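This report concerns only the one structure given below.
The values are calculated or read from the model by the stated rules, or taken from the named source; none is laboratory data. Computed from a prediction, not measured in an experiment: that's the story for all the values here. So basically every Cβ, Gly included, is an ideal-geometry build from the backbone, and we count neighbours across all protein chains shown.
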Amino acid sequence: MASAHGPDEALPEGLEPTSGEDERFVRVLDRLIHWAVRLLAVLMVVIIFLGIAEAAYTLYQQVREPPVGLLDISNIFATFGGVIAVLIAIEIFHNVVLYLRKEVIHIRIVMATALMAIARKVIVLDFHDLSAAYVFGAAAVMVAVGVSYYLIVVRARPVSRP
């Protein structure tokens with residue numbers, strides 16, 4: 001790793017030049033982290049396929065219950081929740097892959113994943129069994145993430161001028 005300071009430039013106060021041993025140690029730790037992220041990518045693929053299997057099995061069980069072939073609204077929402085959970089896992093997988101490729105976490109993708117997770121929560125909420133405080137808290141989180149997404153993703157786009 002090259003230093004940002006030339007050989008004649010003084011380092012900021014409190015920073016000492018790193019030794020070769022320190023550099024080797026940091027490189028070993030970087031490799032370990034890289035392999036840990038690879039393992040996370042593999043685990044996300046396993047989670048995605050298990051989530052698909054779970055959603056399919058849940059749908060199969062619901063369709064077989066009387067009245068056969070029909071779903072009530074709570075079953076439909078439960079199925080939607082499972083499908084959206086798989087989509088969230090796929091987005092998290094994409095975050096991990098982007099990190100592997102560029103070692104950067106893309107805030108836009110993280111914000112989109114957060115919005116999807118909140119949408120899933122709203123879809124599966126049973127408002128009959130929740131307190132008003134819980135509903136208002138969930139609404140506050142939705143507004144905060146929505147505003148953050150707008151500021152980071154929508155508003156930050158460069159404006160093209162004619």
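Please determine whether any residue of the stretch 86-102 is of a type in the set (F, W, Y) and either within 18 Å of the chain's Cα centre (by Cα) or at positive phi (or both). The answer is yes; a qualifying residue exists. Which of the residues belonging to the stretch 52-73 are over 26 Å from E91 (Cβ atoms) and either in a helix (DSSP H, G or I) or among the charged types (D, E, K, R) (or both)? If the condition is that a residue be over 26 Å from E91 (Cβ atoms) and either in a helix (DSSP H, G or I) or among the charged types (D, E, K, R) (or both), then Q61, V63, R64, E65, D72, I73 are the ones that fit. Checking every residue in the stretch 61-81 against the condition of being under 20 Å from the mean Cα position of the chain (by Cα) and not hydroxyl-bearing (S, T, Y) gives at least one match. The condition of being surrounded by 13 or more Cβ atoms within 10 Å (Cβ to Cβ), part of a helix (DSSP H, G or I) and out of contact with any Lys or Arg (no Cβ under 9 Å at 6 or more places or on another chain) holds for only one of F80, F49, F93, that being F93. Using the structure shown, decide if A140 is under 23 Å from I48 (Cβ atoms), assigned to a helix (DSSP H, G or I) and modelled with pLDDT of 85 or more. No, not satisfied. Among the criteria (1) without any contact (Cβ under 8 Å) to a residue 40 or more places away in the chain; (2) under 22 Å from the mean Cα position of the chain (by Cα), the one V45 does not fulfil is (1).
This table checks each residue for (1) surrounded by 15 or more Cβ atoms within 10 Å (Cβ to Cβ); (2) out of contact with any Lys or Arg (no Cβ under 8 Å at 6 or more places or on another chain); (3) charged (D, E, K, R).
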residue: Y99; (1), (2), (3): yes, yes, no
residue: R108; (1), (2), (3): no, yes, yes
residue: K121; (1), (2), (3): no, yes, yes
residue: D129; (1), (2), (3): no, yes, yes
residue: F136; (1), (2), (3): no, yes, no
residue: A144; (1), (2), (3): no, yes, no
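When the stretch 116-134 is filtered for residues that are touching a Phe, Trp or Tyr at 6+ places or on another chain (Cβ under 9 Å) and in a helix (DSSP H, G or I), the ones remaining, listed by number, are R120, I123, V124.
Here R120, R38, R101, R108 are screened, and the one residue that is among the basic types (K, R) and without any contact (Cβ under 8 Å) to a residue 24 or more places away in the chain is R101.
Output the residues belonging to the stretch 117-137 that are under 15 Å from I88 (Cα atoms) and modelled with pLDDT of 85 or more.
The initial filter retains those residues of the stretch 117-137 that are under 15 Å from I88 (Cα atoms), namely 117-124.
Hits for the stretch 117-137 are A117, I118.
For G81, the requirement of being of a type in the set (G, A, S) and closer than 30 Å to G137 by Cα is met.
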